[in-house]
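Enquirer: Pasting a structure here, questions to come.
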Amino acid sequence: GLRGTVVAVSGRGGVVIEGLAAIVAGTLGSGKQIAGPLAIWQAPGSMEKQPTIPPGAILVVPGPLNLAMLRQALHSGLAGVVASSISSRDFESFLHADLIDLLNCARPELLLSHLPPLTVLLTEGLGTVAMPVRTINLLSKYQGVTALLSGATSLSARIYPELVISLSEAEVKESARLARPATELQPGALVRVCSGSYEGVIGEINYLFTHQQLFPSGVRERAARIRLEDGSLLVVPLPVLERIG
């Protein structure tokens, strides 16, 4: 599922591949690492006709999942599903596992034999949160392209699911002429809130506080003021912000 240049060979027969890719980071997931072509799911009644989804594909669902959809994906022979969110009850029912035990396992690969053979990545996590439009547009751009999907999640080991889409040769040449994207949190940076009651909202940092701020929960933390897409302002702790672009 990866495109690039082999830059090193390990003593155990593995290789290190260097290349450029678009990466969608998930907050929650399950399942082994798999590769397959991306297929975008069309909701019933939409104007666009649902194309045939081949077995082994990675299905992208722009909205929340439910238990019935996961079971249908499994029985259809799909390799994986990327969606926005799902209820904890439906996810546990599908996995036949306790989510707390799953997320606290330091070596999630040890649990793979007990999980359904369908890799799942949730961009927003538990609940009924919709997928950000930016993420939907990115994935739609790569419909039919083979991607690498990993669903392993461990909070204790700081392992999170991710979808890696290698860029084409034309995109690599184009990106070589562009400046490398910055990753630090600074004024002017486009960010997404990844936890709390404002989870999923996108805005631009317009001020970084020098001193820690006191939040209603009683927590003191370094914070930023961000201007949301509707023009409103929000003060958010830095640890729950991720830079996007």
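Enquirer: Of the residues that sit in the stretch 227-242 and are farther than 10 Å from V193 by Cα and in a strand (DSSP E or B), which one is nearest to the chain's Cα centre (by Cα)?
Expert: Result: L228.
Enquirer: One residue is enough: does the stretch 122-139 have a residue meeting the conditions in contact with a strand residue (DSSP E or B) (Cβ under 7 Å, 6 or more places away or on another chain), more than 19 Å from G63 (Cα to Cα), among the small types (G, A, S) and open to solvent by less than 80 Å² (accessible area, probe 1.4 Å)?
Expert: No - not one qualifying residue is present in the stretch 122-139.
Enquirer: On the given criteria, is E162 within 25 Å of L95 (Cα to Cα) and open to solvent by 70 Å² or more (accessible area, probe 1.4 Å)?
Expert: yes
Enquirer: Restricting attention to the stretch 222-237, which residues are in contact with a helix residue (DSSP H, G or I) (Cβ under 8 Å, 6 or more places away or on another chain) and surrounded by fewer than 14 Cβ atoms within 10 Å (Cβ to Cβ)?
Expert: If the condition is that a residue be in contact with a helix residue (DSSP H, G or I) (Cβ under 8 Å, 6 or more places away or on another chain) and surrounded by fewer than 14 Cβ atoms within 10 Å (Cβ to Cβ), then no residue fits.
Enquirer: Same structure, new question: Against the condition farther than 30 Å from V6 by Cβ, among the small types (G, A, S) and surrounded by fewer than 11 Cβ atoms within 10 Å (Cβ to Cβ), how does S113 come out, does it pass?
Expert: yes
Enquirer: Please go through the stretch 118-149 and pick out each residue that is assigned to a loop (DSSP other than H, G, I, E, B) and β-branched (V, I, T).
Expert: T128, V129, V145
Enquirer: Would you mind stating whether P187 is surrounded by fewer than 16 Cβ atoms within 10 Å (Cβ to Cβ), modelled with pLDDT under 85 and not charged (D, E, K, R)?
Expert: Answer is no for this residue.
Enquirer: Within the stretch 200-221, track down each residue that is part of a loop (DSSP other than H, G, I, E, B) and open to solvent by 90 Å² or more (accessible area, probe 1.4 Å).
Expert: Across the stretch 200-221, the qualifying residues are T210, H211, Q212, P216, S217.
Enquirer: Something else now. Would you point out which residue out of R12, R3 is part of a loop (DSSP other than H, G, I, E, B) and more than 22 Å from the chain's Cα centre (by Cα)?
Expert: On inspection, the qualifying residue turns out to be R12.
Enquirer: What helices (runs of 4 or more DSSP H) completely inside the stretch 20-117 contain at least 1 residues that are of a type in the set (V, I, T)?
Expert: Here the list reads 99-104.
Enquirer: Take the residues in the stretch 157-179 that are under 30 Å from N104 (Cβ atoms) and in a loop (DSSP other than H, G, I, E, B), then tell me which one is modelled with the highest pLDDT.
Expert: P161
Enquirer: Ok, one more. If I go through the stretch 133-151 residue by residue, how many of them are within 21 Å of R192 (Cβ to Cβ) and in contact (Cβ under 8 Å) with a residue 60 or more places away in the chain?
Expert: Count: 11.
Enquirer: State which residue is least open to solvent (accessible area, probe 1.4 Å) when the search covers only the stretch 40-59 and only residues that are modelled with pLDDT of 90 or more and either over 16 Å from the mean Cα position of the chain (by Cα) or at positive phi (or both).
Expert: A57
The values are calculated or read from the model by the stated rules, or taken from the named source; none is laboratory data. Owing to the predicted nature of the structure, the values given are computational and were not obtained by experimental measurement. In this analysis, Cβ positions are derived from the backbone assuming ideal geometry, glycine residues included, and neighbour counts consider all displayed protein chains. For the accessible areas, the whole protein counts, side chains as well, though only heavy atoms, and no ligand, DNA or RNA atoms are used. Shrake-Rupley method; radii C 1.70, N 1.55, O 1.52, S 1.80 Å.
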